[in-house]
Amino acid sequence: MEKKWCMIATWEMAKEGVEKGSSILQDRGNCCDAVETGVKTVEDCPEYTSVGYGGLPNEECEVEMDAAFMDGKNLSIGAVAGIKDFKNPVSIARKLSENRFNIFLVGAGAEAYAHKNGFERKNMLTEESKKIWEKRKKEMSEKNLSPYDGHDTICMIALDKCGDMAAATSTSGLFMKKRGRVGDSPLSGSGFYVDNEIGGAAATGLGEDIMKGCLSYDTVQRMKRGISPMEAAQSSVRDFSEKLKKIRGYSGAMSLIAVNNRGEWGIGTNVEFTFVVGNSEKVRVYRAVPMENKVVIERLKDSL
Ligand code: SD4
């Protein structure tokens, strides 16, 4: 029997990518193609200043990108970190996931691999992003501002009609990060995790905190115990934010998307956050607002 398909992604900027991924899934296409196509759509858009082309640069005005890909059928993973001047880091990550060894490459090694395997080079710094960087640099020295700002990783998880699942992430990381800084997005278990037998989860927010709690793996393990994706993602974020507050007084922003292998989805967040869901009903944009012990979810937009 044909199974239910579903796609979920972080942030409103994912809408066009989810539309493309959803039409792949609707036409009985594969979940791996759906997440790669969806994430590439966001990477290619210069208006989104936190992913791919037009992503905001590090302290040295270089766009260093992190990306990952995971196939829930065989648990294959590929990832790149701190890669510069390549058009679609997510596709490089997917290619690496075919390897048995050398599945996670950083910096110059990742760039050499991408070049050798024919991936397209591109200067990922736009004039717009450079201007934002220059302005921020000035503000930082004048007003003594904290440099770390401007998150918004793109994460997508898909379940296809064969019951297979995949996840992918891509980001230029924290604006004004130190050269060589890597966040949670390319780290298995922190930025993403997916297993056909259970479901998948992926994260956006402050990588330094998300990786302390391995929140994507934690959410998938909660689903394994039979908890719904909504309750799994919300309790994972809530429990870990509370723990951080208890031990050091504060918690960074953390938002999780989750979907199980029956196509039920959920999110957990400790900040206001938008996300996109595609299924046989429609592609819809939602906003989630955390309030006391729950998260209020409101519908923003539907695709035509
Ligand atoms: C990072 N988690 O590099 C990424 C940034 C991000 O939403 O998601 N922001 O830490």
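The values are calculated or read from the model by the stated rules, or taken from the named source; none is laboratory data. Keep in mind it's a predicted model, so treat the numbers as computed, not measured. Cβ coordinates were reconstructed from backbone atoms using ideal geometry, including for glycine residues, and neighbour counts include every protein chain displayed. These area figures cover heavy atoms from the full protein model, side chains too; ligands, DNA and RNA do not enter into them. Shrake-Rupley method; radii C 1.70, N 1.55, O 1.52, S 1.80 Å.
Being of a type outside the set (Asp, Glu), away from the ligand (no atom under 16 Å from the Cβ), open to solvent by less than 10 Å² (accessible area, probe 1.4 Å) and modelled with pLDDT of 95 or more is not true of residue 237. So in the stretch 159-176, with the set limited to residues that are near the ligand (Cβ under 10 Å from one of its atoms) and not in a strand (DSSP E or B), which one is farthest from residue 30 (Cα to Cα)? Checking each candidate, the answer is 174.
Would you confirm, using the coordinates I've provided, whether residue 156 is buried (at least 24 other Cβ atoms within 10 Å of the Cβ), hydrophobic (A, V, I, L, M, F, W, C) and within 19 Å of residue 92 (Cβ to Cβ)? Steps first, please.
Values: buried (at least 24 other Cβ atoms within 10 Å of the Cβ): yes; hydrophobic (A, V, I, L, M, F, W, C): yes; within 19 Å of residue 92 (Cβ to Cβ): yes.
Judged against the criteria, residue 156 is a match.
Out of 180, 191, 173, one residue alone is open to solvent by less than 30 Å² (accessible area, probe 1.4 Å) and either at positive phi or at pLDDT below 95 (or both). It is 173.
Every condition in (1) open to solvent by less than 30 Å² (accessible area, probe 1.4 Å); (2) touching a strand residue (DSSP E or B) at 6+ places or on another chain (Cβ under 9 Å); (3) of a type outside the set (Lys, Arg) holds for residue 77 except the one numbered (1).
When the test is whether a residue is closer than 19 Å to residue 83 by Cα, more than 16 Å from the ligand (Cβ to nearest atom) and over 15 Å from the mean Cα position of the chain (by Cα), residue 118 passes it. For the stretch 35-74, the set of residues classified as more than 20 Å from residue 21 (Cβ to Cβ), open to solvent by less than 20 Å² (accessible area, probe 1.4 Å) and part of a loop (DSSP other than H, G, I, E, B) consists of 54, 55, 56, 57, 58, 63, 64, listed by residue number.
Among the residues of the stretch 177-200, those identified as within 11 Å of the ligand (Cβ to nearest atom) and in a loop (DSSP other than H, G, I, E, B) are 177, 181, 182, 183, 184, 185, 186, 187, 190, 191.
Please enumerate the residues belonging to the stretch 196-216 that are surrounded by 19 or more Cβ atoms within 10 Å (Cβ to Cβ) and closer than 21 Å to residue 7 by Cβ. The answer is 196, 198, 199, 200, 201, 202, 203, 204, 205, 215, 216.
Is one or more of the residues making up the stretch 93-103 at pLDDT 95 or above, hydroxyl-bearing (Ser, Thr, Tyr) and surrounded by fewer than 23 Cβ atoms within 10 Å (Cβ to Cβ)? Yes: one or more hits.
Pull up the stretch 120-132, narrow it to residues that are out of contact with any Asp or Glu (no Cβ under 9 Å at 6 or more places or on another chain) and surrounded by 14 or more Cβ atoms within 10 Å (Cβ to Cβ), then point me to the one that is farthest from residue 59 (Cα to Cα).
Step one: of the stretch 120-132, the residues out of contact with any Asp or Glu (no Cβ under 9 Å at 6 or more places or on another chain) are 120, 126-127, 129-132.
Restricting the remaining residues to those that are surrounded by 14 or more Cβ atoms within 10 Å (Cβ to Cβ) gives 126, 129-130, 132.
Values: 126: 16, 129: 13, 130: 11, 132: 12 Å.
The extreme case among them is 126.
Here is the figure for the stretch 45-73: residues that are over 21 Å from residue 113 (Cβ atoms) and at pLDDT 90 or above total 2.
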